[in-house]
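Below: the structure, in structure tokens.
The values are calculated or read from the model by the stated rules, or taken from the named source; none is laboratory data. Quantities reported herein were computed from a predicted structural model and do not represent experimental measurements. All Cβ positions, glycine included, derive from the backbone under ideal geometry; neighbour counts span all protein chains shown.
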Amino acid sequence: MNEFYYKDALKLGQKEARACAFKGHSPCLPVLEDFVPSAAINTGIDLGLVQIPAELIVGTKTRGRVNAFAPNFMPVLDESTEFADKWERLCQAHVTEGIRDPIKAYEYMNRFYVEEGNKRVSVLKFFDAVTIVGHVIRIMPTGSGDEVDLYNEFLDFYKLTKINFLEFTKKGSYALLLKALGKAVGEEWTDDEKSRFTGTYYYFKKAYIQNGGEKLQSTVGDAMLSYIMIYGYHELKASDTADIKKNLSKMWQEVELHAEEEPIEVKTDPPEEKKQGVISKMISAAIPKSVLKVAFIHDGTPERSGWIHDHEKGRRYVERIFEEKIQTMPYYDAMENDPLKVIEEAISDGAELIFTTSPRLAQASLRAAVEHPEIKIMNCSLNKSHRYIASYYTRMYEAKFILGAIAGSLTKSDKLGYVCDYPIYGQIAGINAFALGAQMANPRAKVYLEWSAVDGARAAAMKLVEQGIHYISSQDTARFREDDRELYGLSYINGERSELIANPVWKWGVYYEQILRRFLNKTMQEEYEESSKALNYYWGMSAGVVDVVYSPKMQRASKRFADFLRDGIIQNVCTPFLTPLYKQSGEAIGVGQKSLALDQIISMDYLVENVVGTIPQYGDLNAMGKATVDTAGVEPAQEPAQEAAQEAAQEAAQEAAQEAEEAKENAEGGEQAQETEAVEE
């Protein structure tokens, strides 16, 4: 019987070797010593006994057995060899008693290379073992780059969970998963939590493979995170493979999106309107028109929020513009209970197009869109890579650049103030654009930064005033109480005197009008069908959805200066972000006189050199700030030296090794089965 096992294993090995050779790849196992220096191997960190995922055991430490196995660890040597005889006897030992002796392996970038036990790995892989017990030495990588950064994120996750089978392809995913699971920063997992997650993962993996996931470049972890972001971890834990497979089928385009190297397609201007021919117009005119029902779902009320008040002005504007063609339906306070139920209510009320006007509503929007693919849902946020919902936002940084230039030209102290709401994508670009505009007008200008999401808008502004700063850019949306007027736009504040100079304008009515026109004539739908990516509509001054309004008291020369910049931005001959830019750390971004790429602007998580202040830590934010950052926030700008990052990772690994040492000693204290070891040697 064992010889038949070897024959089957040999066929698998030879087939794999031929396939690799055909593709121009090596038909043998990779060798750790070929690409990792001996010094690094000899100074590895002892992790003790580890349950190694079999699929992550990919090679050998030395070249001693490299020609005996194909890259899938199946044998390639003839049946008449001594190697084949030993493999068959080891196979017999596994069938009758089970292989109990741990292998010895080295881990590098979460891939494992065997020093002792190659045949054991081969036999166990042949019998589809999920994990293999091994004594593991971890080798820390040198250098830098996205791959090393992602591995360091894995080490932080491993320190808390001791889970080594979960992998992602995008940075930030481990932190996002922990947040989605409700885990506090630095919170270690209990044994029960590890066990539940492990079981859930392998249930999910089975459904993922059944849906064809192995053909994608993304990982099981990528798909699982997407699933959790839509359905939640609690629902995933309660589901069997059949339910998971069914839900995965609904959201498969979201899974495929992670395989895209650049998953987001940013639309900087409205799509060209679809033009109808004469016959099409005649047919269209003859067909009775149905009223398009459009829902606007807000996380609060217009009475309490200037942001929602502005969106509501936009809703009423388009209702007047389109008259009998559309009917709008507003829904308020969606976050008070279950936002998904509010969206479901809008759908049952007949909505065919839904605008959710807050990043906090993104997850509920995505879940509803997956369950109702016939409904178009758009979420007002930035830098979201979701296939089933489109996001829309404005390039407000263009207006902020102009305000900064105005403020820089007016200040006599070279000190300007900036009050920002939340550290989220888009807002950081606004801070930097204001600072660069000020620097262009006045090379000595410094911008002092405070956050309304930490101490409140008024307290933040007063901190600046107390420092002798009088030109302050504050919130973009007007409040309704008279005593809050100085906290709106760019103002001059000095004691009791407060004078509004200029303010940025979100022209949501124009934005919604442009979208609705193209939705009614199917242009938007066709744009979605023609793309396989997440669509982010990021329109600015050239689309007429952002502007700057000046106070009548503003000096004529300042207004001419501002208009000159405004016209240049609209005509795309003036860019707020001209390289090279310099971070607070002094690091240069870009070279030559070039406009910063749009994706670099969207994903800004740093402050430029003439900003005085920092991006706040999560724990310093108020409740609304935390809720907003949870869905659209950037990581605080922390750039430790590479050596410090590596030391931190080594310290985490050493702690893990100490915890594993006791398990190792206990295992070595028992009697080792000698028969299997003799066969292996």
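The table below gives the values:
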| read-out | value |
| --- | --- |
| Total residues in the range 201-231, condition surrounded by 16 or more Cβ atoms within 10 Å (Cβ to Cβ), assigned to a loop (DSSP other than H, G, I, E, B) and not aliphatic (A, V, I, L, M) | 3 |
| Qualifying positions in the range 491-530 - of a type in the set (S, T, N, Q) and at pLDDT below 90 | Asn494, Ser498 |
| Matching option when the condition is under 24 Å from Phe168 (Cα atoms), part of a strand (DSSP E or B) and not hydrophobic (A, V, I, L, M, F, W, C), among Gly48, Gly134 | Gly134 |
| Filter result for the condition that a residue is at pLDDT 95 or above and acidic (Asp, Glu), over Asp146, Asp156 | Asp156 |
| Qualifying positions in the range 398-424 - under 20 Å from Gly314 (Cβ atoms) and not aliphatic (A, V, I, L, M) | Glu398, Asp421 |
| Subset of the range 602-632 (residues that are at pLDDT 80 or above, under 27 Å from Leu361 (Cα atoms), buried (at least 17 other Cβ atoms within 10 Å of the Cβ) and in contact with a strand residue (DSSP E or B) (Cβ under 9 Å, 6 or more places away or on another chain)) | Ile602, Tyr606, Ile615, Pro616, Leu621, Gly625, Thr628, Val629 |
| Candidate set: the range 12-45, residues that are touching a strand residue (DSSP E or B) at 6+ places or on another chain (Cβ under 9 Å) and in a loop (DSSP other than H, G, I, E, B); chosen: the one surrounded by the fewest Cβ atoms within 10 Å (Cβ to Cβ) | Phe35 |
| Residue count for the range 413-428, restricted to those that are over 17 Å from Ala459 (Cα atoms) and not in a strand (DSSP E or B) | 7 |
| Options Ala435, Ala390; residue that is in contact with a strand residue (DSSP E or B) (Cβ under 7 Å, 6 or more places away or on another chain), in contact (Cβ under 8 Å) with a residue 12 or more places away in the chain and over 30 Å from Ala295 (Cα atoms) | Ala435 |
| Qualifying residue in the range 99-106 (condition: surrounded by 22 or more Cβ atoms within 10 Å (Cβ to Cβ), modelled with pLDDT under 95 and touching a helix residue (DSSP H, G or I) at 6+ places or on another chain (Cβ under 8 Å)) | yes |
| Candidate set from the range 504-537 (those that are over 30 Å from Gln475 (Cβ atoms) and among the hydrophobic types (A, V, I, L, M, F, W, C)); member that is surrounded by the fewest Cβ atoms within 10 Å (Cβ to Cβ) | Leu520 |
| Members of the range 295-332 found to be in a helix (DSSP H, G or I) and more than 24 Å from Gln475 (Cα to Cα), listed by number | Val318, Glu319, Arg320, Ile321, Phe322, Glu323, Glu324, Lys325 |
| Of all residues making up the range 283-305, the number that are of a type in the set (Lys, Arg) and at pLDDT 90 or above | 1 |
| Per-region count, the range 363-379, residues surrounded by fewer than 23 Cβ atoms within 10 Å (Cβ to Cβ) and closer than 26 Å to Val505 by Cβ | 1 |
| Selection within the range 539-571 - free of Cβ contacts under 8 Å to residues at least 60 places away in the same chain and within 19 Å of Asn432 (Cα to Cα) | Gly568 |
| Subset of the range 144-178 that is among the hydroxyl-bearing types (Ser, Thr, Tyr) and within 14 Å of the chain's Cα centre (by Cα) - its residue that is surrounded by the most Cβ atoms within 10 Å (Cβ to Cβ) | Tyr174 |
| Criterion: surrounded by fewer than 20 Cβ atoms within 10 Å (Cβ to Cβ) and not charged (D, E, K, R) - qualifying residue of Gly426, Gly430, Gly437, Gly456 | Gly456 |
